[in-house]
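The next block holds one structure in the form of structure tokens; read it before the comments.
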Amino acid sequence: MREFDVLVVDGEREEVGGIRLLLGYLGITVLIVGAIMLTPLLVLPFYPEEAGEAKCFILPAVISIMAGWFLSSFVRGRKLKRLARHQDALLVVTVWMTGIFLAALPFLLTGEYNLLQSLFESTSGLSTTGLSVVDVGTASHVVLMYRSILLFFGGVGLILVFTSILSDRYGMRLYNAEGHNDKVMPNLVKSARMILLIYAVYIAAGTVAYVAFGMPIFDALNHAVAAVSTGGFSTRVESIGAFDSVAIEIVTIILMILGNTNFFVHVHLFQRRFRLAFRHVELVFLGIVALIAIPVLALTLGGGIPPGETIRVAVFQFVSAITTTGFQTIPAFVGMPSAFLWLLVVFMLVGAGIGSTGGGMKQLRVAIALKSLWWNLRDHLGHPRRIAPSTILRVGNREVVDARTQVDTFSFLMLYLLVFAVGSFVFMLDGHPVGMAMFEFASCLGTVGLSVGITGFAAPGFVLATGIAGMFLGRLEIVVVVYACSRAFGRKEGIVA
């Protein structure tokens, strides 16, 4: 009997695999995304004049919940087979594509945006990019809150959110399918809930801090969510620069760095294992890069700007770029010195930490690549007997980096840069200079959100489509999509195998 058929096990319970298993998991996805779409309506008691927009969220939410309940019946009360080779990748891609499409419906139903623009906004939200076609100066509070909610759920990961809600029977397979390895507690569901709790605490603390320094509470909540999720959606056209406050910028920097940091490091921080946390290779890498990059960024600004102001801008924009958050304190990047923009492109490509809410190539991979270069030179120049083992310190544990890991790391970096080159070229086809095109697509692929104006409400369809592809590939780190395509379109294996 083929795997997608339902089997009777021990005469009592049915066992499900193949396409029925995928549809069941997809149903759980659709059901919970429907519930997520209802959450921004919680702001309506505070803004009753916006009640007319409720239908834009209720209608797709109800349809999603009903469809999800039906599809999830394929797995409810049944034993579940293991996902076959690369079937997990196919599931992850399908889950994210479905989530993005459903999340776009409220934007579409407002009548302000066409389908492509709506998909661009939902992709930007769930991928925690922060590029936007929405005019935040005129958008309703419901829409603004919805964008922030997408950032939160997209930042921690759709599958992680589902794992925290579902039982191990469903959640463990979904959690593993998204590629998480951050099981911070013996029980997987408790691990997911712990991660969500940590981020909720950061958001609450950030909101309180923002309010204490004069930010209105609605803006404070939205910016805290956006900073911790490294998303960058703002409620103000001028982003963080609208508040012109050093204190608010410092709070934002702290929240962005927290969002940039590996889940495991947060657990060590909460358990007061500060020595282990701060010796983590990515935090060391970030610190070293910051010491070099910030003074150089400040020097590139120059131009008669007071030294204190250049340092202030350099610190904030460095952190915003490398954590892939996308907040800004300067009015626009067009017209900024080319050297300044080039450095930001590099930081956007490097990206945040592994197992964080950020994107990019990831600091761990870049650190391994740089250390591999050093190890290679050392092996060629040093005496064999004096060669030390190739190791890194990762969350308190010294790990040996074998040859396979080094090859996989360089392969990923090359694939990432290839996609970056292709996407930048497409933006050039729209008539944009090479530097501007590279800046914008680095922001898309790194899920950053800093913009020179190429993507936006008036952008051509092929530019928005390229931006959507870049954000999607950047959030799922490319390889997962390759595996999913191999599973779906491979000659020997189909989705039901």
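Around the amide H of T391, modelled in the peptide plane, lie the amide H atoms of V401, all under 5 Å away and 5 or more residues distant in sequence or on another chain. Amide H of K79 versus every other amide H placed in the peptide plane: which residues, excluding those fewer than 5 positions away on the same chain, fall under 5 Å? Excluding prolines and chain starts, which carry no amide H, the hits are E14, E15, V16.
Each residue of region 436-452 was assigned a 3J(HN,Hα) from its phi angle through the Karplus expression (A = 6.51, B = -1.76, C = 1.60, θ = phi - 60°), giving 5, 5, 5, 4, 5, 6, 4, 5, 5, 5, x, 6, 9, x, 5, 9, 9 Hz with x at Gly and Pro. Per residue, the average separation of C-alpha pairs within less than 8 Å and at least 6 apart gives region 81-157 a relative contact order of 24 percent. Averaged over residues, the count of other Cβ atoms within 10 Å places the peptides 460-470, 87-97 in the sequence 87-97, 460-470, highest first.
Each peptide among 370-376, 24-30, 193-199 gets the average number of other Cβ atoms lying within 10 Å of its residues, and from highest to lowest they stand as 24-30, 193-199, 370-376. Sequence-distant contacts, meaning Cα pairs under 8 Å at least 6 residues apart, place the relative contact order of region 192-321 at 18 percent. Backbone phi angles across region 56-65, fed through the Karplus curve with coefficients 6.51, -1.76 and 1.60 (θ = phi - 60°), yield HN-Hα couplings of 5, 9, 5, 4, x, 5, 5, 4, 5, 5 Hz in residue order; Gly and Pro are listed as x.
Values in this text are rule-based calculations from the coordinates and carry no lab data. Owing to the predicted nature of the structure, the values given are computational and were not obtained by experimental measurement. As a convention, Cβ positions derive from the backbone with ideal geometry for all residues, glycine included, and neighbour counts pool all protein chains shown.
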